[in-house]
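These notes are about the structure you will find just below.
The values are calculated or read from the model by the stated rules, or taken from the named source; none is laboratory data. All of these numbers come straight from a predicted model, not from anything done at the bench. Every residue, glycine as well, gets a Cβ built from its backbone with ideal geometry; the counts of neighbours run over all protein chains shown. Remember, those area values only see protein heavy atoms, side chains included, never the ligands or the DNA or RNA. Shrake-Rupley method; radii C 1.70, N 1.55, O 1.52, S 1.80 Å.
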Amino acid sequence: MTMTQEQPTAAPILEAISQQSVPEGKPWLALNAQIMADMLRLDEALAKTGEKLDPGIYEFSLTPSPPLENSSFVQVAHRNNVLDFVPDDTAALLQSLWAPLDHLELVRSPTTADLELHAEERLHGRRQKDRRDELATYADNAHKLSAAMLEAGMVREAFRIAYRADLATFEVFCFDLAAQYGDTKLATIDVRMELAKVTLRSIQPTADFTASRNSIRGALVWSSLSPELIPWLS
């Protein structure tokens, strides 16, 4: 999982998502949003110190073995692994940027069974590739329907369907990133989708279909936390 230096402001949003996920009963999201936030904070520190690191440090992994008492311990272990990669100056700055982990003390650390169950829920009982392809088909069909509605002058309805098509395309992109970086438990999909959900709340569609769609797509690109291009349906 590669983070970019162009998106440091996503870190505080992810930290807020992590904290809010605990009382909402989403411990898995609480932990992984914090992990992603921490990696964005690493980008901030590197941008200030000018250090370069092996890109492998960004590869997402969460192995619950040996078992740890709660998710704050998991996150501390993750942070310690990161600190092993960075010079002392960067480490000191990074520790000042990282948010407190008090909220994760209330969250039991995930087991292997937890991770597998969570992945199964996102896949809706399908194999990962099948679920990804199902979403891609939905996006393509919705895009075609939206185009037909727009041609018929049904602008509001066309935008509503186009929004669904773009959201499905974004989720397909998240599946592809998860496969690329070996995220077999699909944790990064959850975090990106939640970040998109929060970001999209600030978008106010207008009567201009193209401008509104571009605003939605811009928010989704930002929420992807990736320099790779999302293959939008034109």
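Restricting attention to region 13-49, which residues are basic (K, R) and surrounded by 24 or more Cβ atoms within 10 Å (Cβ to Cβ)? Show your work before the answer.
Looking only at region 13-49, we keep the residues that are basic (K, R), and these are 26, 41, 48.
The answer is R41, and nothing else.
Out of (1) in contact with a Pro (Cβ under 9 Å, 6 or more places away or on another chain); (2) open to solvent by less than 40 Å² (accessible area, probe 1.4 Å), what's the single condition that is false for T112?
That leaves (2) as the condition not met.
With respect to D84, is the statement that it is surrounded by fewer than 15 Cβ atoms within 10 Å (Cβ to Cβ) and modelled with pLDDT of 85 or more true? Explain how you work it out, then say what you get.
Working: surrounded by fewer than 15 Cβ atoms within 10 Å (Cβ to Cβ): yes; modelled with pLDDT of 85 or more: yes.
When the stated conditions are applied, D84 passes them.
Out of the residues in region 175-197 meeting the condition of being of a type in the set (V, I, T) and either part of a helix (DSSP H, G or I) or at positive phi (or both), tell me which one is surrounded by the most Cβ atoms within 10 Å (Cβ to Cβ).
V191
Is there a residue being under 20 Å from the mean Cα position of the chain (by Cα) and either at pLDDT 90 or above or among the acidic types (D, E) (or both) anywhere in region 53-62?
Checking region 53-62: at least one residue is under 20 Å from the mean Cα position of the chain (by Cα) and either at pLDDT 90 or above or among the acidic types (D, E) (or both).
Within region 115-139, can you find the residues that are among the aliphatic types (A, V, I, L, M) and open to solvent by 60 Å² or more (accessible area, probe 1.4 Å)?
The one that is among the aliphatic types (A, V, I, L, M) and open to solvent by 60 Å² or more (accessible area, probe 1.4 Å): L117.
Out of everything in region 198-231 that is closer than 15 Å to F175 by Cα and either of a type outside the set (G, A, S) or part of a helix (DSSP H, G or I) (or both), what residue ends up being most open to solvent (accessible area, probe 1.4 Å)?
Just the residues of region 198-231 that are closer than 15 Å to F175 by Cα, to begin with: 220-221, 223-226, 228-231.
Among the residues that remain, those that are also either of a type outside the set (G, A, S) or part of a helix (DSSP H, G or I) (or both) are: 220-221, 223, 225, 228-231.
Working: L220: 1, V221: 60, S223: 0, L225: 0, E228: 70, L229: 154, I230: 17, P231: 85 Å².
Within region 198-231, the match that is most open to solvent (accessible area, probe 1.4 Å) is L229.
What are the pairs with Cβ atoms under 8 angstrom where one residue, in region 207-234, is free of Cβ contacts under 8 Å to residues at least 40 places away in the same chain and the other, located anywhere, is in a loop (DSSP other than H, G, I, E, B)? Sequence gap at least six, or different chains.
S215/I203; S215/P205; A219/S202; A219/I203; V221/I230
List the number of the failed condition for L167; all other conditions in (1) more than 21 Å from I17 (Cα to Cα); (2) surrounded by 15 or more Cβ atoms within 10 Å (Cβ to Cβ); (3) within 18 Å of the chain's Cα centre (by Cα) hold.
(1)
Test of understanding: among P27, P8, which residue is at pLDDT below 90, touching a strand residue (DSSP E or B) at 6+ places or on another chain (Cβ under 9 Å) and of a type outside the set (D, E)?
Going through P27, P8 in turn, just one is at pLDDT below 90, touching a strand residue (DSSP E or B) at 6+ places or on another chain (Cβ under 9 Å) and of a type outside the set (D, E): P27.
Suppose we filter H124, H143 for residues that are modelled with pLDDT under 95 and closer than 30 Å to L233 by Cα; which single one remains?
H124
Given the criteria of a type in the set (D, E, K, R), closer than 24 Å to Q19 by Cα and within 22 Å of the chain's Cα centre (by Cα), does D130 qualify?
Judged against the criteria, D130 is not a match.
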